[in-house]
Amino acid sequence: MKNIAVIIVLAAVANVALAIPPVDPARLDEVQQRGSQVMPFALDKTLHIFTKSASGGVQQVVAKNAGDGEQIGLIRQHLIHLAAGFARGDFSGPRRIHGDDMPGVQALSAATGQVAYQYRELPNGAEIEYQTADPALVEAIHAYFEAQLSDHARHAMPGGHVQHHDHPRQ
């Protein structure tokens, strides 16, 4: 019976894996090139973590080397600037990297005042918590996170599911 359960789980995982389209290496290269013109930190020395929540989610950028003060400072500088811009509806940075048709960006840009963007420092980087009570905007945040994960596949990972104000600290 245990073997059957394992087989069923493996089959389900395989079907999910097959449903995710492979990321085009040329697209990853383009995004990395444009990203290096917008983000001051080195993508190869950092990791982006996107964690969805019921009210939005948390975007973290952390230095792979917790002792890399230069990258940590650059991450913090960038994310505090992003959070302030997002609060004004300014998503020009992500648009320059990912394009104007990036999922979620149009809705989030138009939702000034309807999404809270809370910047926080982490020991090895920083994070922005996105919060809204509007279910359509939660979906836009989740779509935005998925697009980020796809476009930064070499330097990004999904985080675990979090509860409001109870998210992992990297």
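Read-outs throughout are calculated quantities, based only on the coordinates presented, and are distinct from any laboratory measurement. Here the structure is a predicted model, which is why all the values come from computation and not from measurement.
Compactness of segment 36-76 is given as radius of gyration and Dmax, 11.5, 34 Å, from Cα positions. Comparing segment 66-142 with the 2.2 N^0.38 Å rule of thumb, its C-alpha radius of gyration ratio is 1.16 (two decimals).
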